[in-house]
1. Among the numbered criteria (1) open to solvent by 90 Å² or more (accessible area, probe 1.4 Å); (2) more than 14 Å from the chain's Cα centre (by Cα), which single criterion is violated by Gln6?
2. Please indicate, with yes or no, whether at least one residue in the range 60-68 is on the phi < 0 side of the Ramachandran plot, surrounded by 10 or more Cβ atoms within 10 Å (Cβ to Cβ) and of a type in the set (A, V, I, L, M, F, W, C).
3. Restricting to the range 20-59, name every residue that is surrounded by 10 or more Cβ atoms within 10 Å (Cβ to Cβ) and either of a type in the set (D, E, K, R) or touching a strand residue (DSSP E or B) at 6+ places or on another chain (Cβ under 8 Å) (or both).
Amino acid sequence: MSAIAQDVSAMLEMLPEQDQGLVYELVKKLVLAWDPEFTKLTPSERHILDLAEQEIANGEVFSHGEIDWD
């Protein structure tokens, strides 16, 4: 989590519980305005996705059936 997100979270915790919901809805509205379908990735999500795609391309993954779960 970024430092800014941690600060926002800490500030949210300072508010009375009934106001926390209001702030949550405001943040949600801002995110939806930024990306109505929640399709944008954060830089860390993009990095993780790129790594996963690279592993798949290199055959570095296992199918569910190949794992002995016992």
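The values are calculated or read from the model by the stated rules, or taken from the named source; none is laboratory data. What you see is a predicted model; the values in this text were computed from it and never measured. FYI the Cβ positions are ideal-geometry reconstructions off the backbone, even for glycines, and counts take in every protein chain you see. When the accessible area is computed, the model is the full protein with side chains, heavy atoms only, and any ligands, DNA or RNA have been set aside. Shrake-Rupley method; radii C 1.70, N 1.55, O 1.52, S 1.80 Å.
1. For Gln6, the failing item is (2).
2. Among the residues of the range 60-68, at least one is on the phi < 0 side of the Ramachandran plot, surrounded by 10 or more Cβ atoms within 10 Å (Cβ to Cβ) and of a type in the set (A, V, I, L, M, F, W, C), which makes the answer yes.
3. Those that are surrounded by 10 or more Cβ atoms within 10 Å (Cβ to Cβ) and either of a type in the set (D, E, K, R) or touching a strand residue (DSSP E or B) at 6+ places or on another chain (Cβ under 8 Å) (or both): Glu25, Lys28, Lys29, Asp35, Lys40, Glu45, Arg46, Asp50, Glu53, Glu55.
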